[in-house]
Structure formats: structure tokens, C-alpha cells
Amino acid sequence: MMTFNNIPKERILYQGEYFFIVRDLYPVSPGHSLIISNELKVDYFELSAIERESLGEVILEAKRSIELEFKPDGYNIGMNCGEAAGQSVFHFHCHVIPRYKGDTSNPRGGVRHCVPGKGDY
């Protein structure tokens with residue numbers, strides 16, 4: 001099973017008590033970042049209550065880090081929980097994806113587009 005346990009320290013942008021932040025190796029946009037649990041937890045539903053509570057502040061830290069280098073116009077924040085949802089690395093990680101005007105012809109629907117044909121309404 002692939003995990004994020006062996007990420008080189010020089011890639012880590014932020015290290016907190018429960019999570020760390022890195023830039024995604026396969027970014028979908030400039031600044032795409034991952035928030036990864038320090039302890040091996042499969043997905044969001046395995047996080048402890050205190051980890052879930054602290055995640056919001058770490059998302060804000062990721063946003064601050066992105067905005068030091070990039071000027072996004074919006075964000076998608078998401079987690080894939082389970083193989084059926086597209087999870088391929090079974091170590092908790094939250095995507096913080098900066099969005100830029102014009103990066104897609106029609107952004108309406110946002111994350112709804114993870115199921116083809118369901119993003120348009």
C-alpha cells in the first residue's frame with residue numbers, strides 16, 4: 001500500500017502537530033497542495049475528533065502558503081475517501097486546489113464534475 005511516509009523533509013512547507021503540507025507532485029493547477037496526516041490514517045473518517053477539528057486551521061495555512069507564491073481566484077478543497085471515490089493513496093490527504101479565472105471554460109458545478117454529467121445544472 002502506497003503512503004506518504006517517505007516524503008523528503010525539504011518538500012514539507014508546513015509541519016503541524018497532526019498534519020503537514022506539501023505541493024502536489026502532479027498538480028492540476030499552480031500551487032495545488034496536499035495536507036497529509038502525520039499518523040497513517042486511511043481517510044477523513046479515520047481521523048480523530050481533534051484531528052478533524054484542527055484540519056480547518058491547516059486548510060487556512062495551506063491557503064496562506066499558496067498565496068505567498070500564487071494569486072488564485074478561488075479554491076476547490078476535497079478528499080477522496082475510498083477506492084470508489086477515486087482514492088489511490090490510502091493515507092489521509094486533503095487537496096487544496098487553487099483555481100484561476102479561465103482555467104476551465106465553465107467552472108459552474110465545481111466538484112460535482114467528479115461524476116461525469118452531474119456537474120451541469
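Could you tell me which residue of the stretch 53-81 is surrounded by the most Cβ atoms within 10 Å (Cβ to Cβ), considering only residues that are among the small types (Gly, Ala, Ser) and closer than 16 Å to residue 21 by Cα? This residue is 62. Can you pull out every residue in the stretch 14-30 that is part of a loop (DSSP other than H, G, I, E, B), crowded, with 17+ Cβ neighbours inside 10 Å and in contact with a Ser or Thr (Cβ under 9 Å, 6 or more places away or on another chain)? Passing the criteria: only 18. Considering the conditions (1) surrounded by 15 or more Cβ atoms within 10 Å (Cβ to Cβ); (2) in contact with a Phe, Trp or Tyr (Cβ under 9 Å, 6 or more places away or on another chain), residue 2 is excluded by exactly one of them, (1). Of the residues making up the stretch 31-83, those that are over 20 Å from residue 100 (Cβ atoms), in contact with a strand residue (DSSP E or B) (Cβ under 8 Å, 6 or more places away or on another chain), of a type outside the set (Val, Ile, Thr) and outside any loop (DSSP other than H, G, I, E, B) number 6. The residues in the stretch 85-121 that are over 24 Å from residue 46 (Cα atoms), among the small types (Gly, Ala, Ser) and part of a loop (DSSP other than H, G, I, E, B) can be counted, and the count is 5. Here is the figure for the stretch 82-96: residues that are surrounded by 11 or more Cβ atoms within 10 Å (Cβ to Cβ) and touching a residue at least 60 places away in the same chain (Cβ under 8 Å) total 7. Hey, does the stretch 97-111 have a residue that's closer than 29 Å to residue 121 by Cα, in contact with a Gly (Cβ under 7 Å, 6 or more places away or on another chain) and of a type in the set (Val, Ile, Thr)? So far as the stretch 97-111 goes, yes, one or more of its residues are closer than 29 Å to residue 121 by Cα, in contact with a Gly (Cβ under 7 Å, 6 or more places away or on another chain) and of a type in the set (Val, Ile, Thr).
The set of residues from the stretch 84-105 being charged (D, E, K, R) and modelled with pLDDT of 95 or more comprises 99, 101.
The values are calculated or read from the model by the stated rules, or taken from the named source; none is laboratory data. None of the values given here were measured: they were computed from a predicted structure. Positions of Cβ are generated from backbone atoms using ideal geometry, with glycine treated the same way; all protein chains shown enter the neighbour counts.
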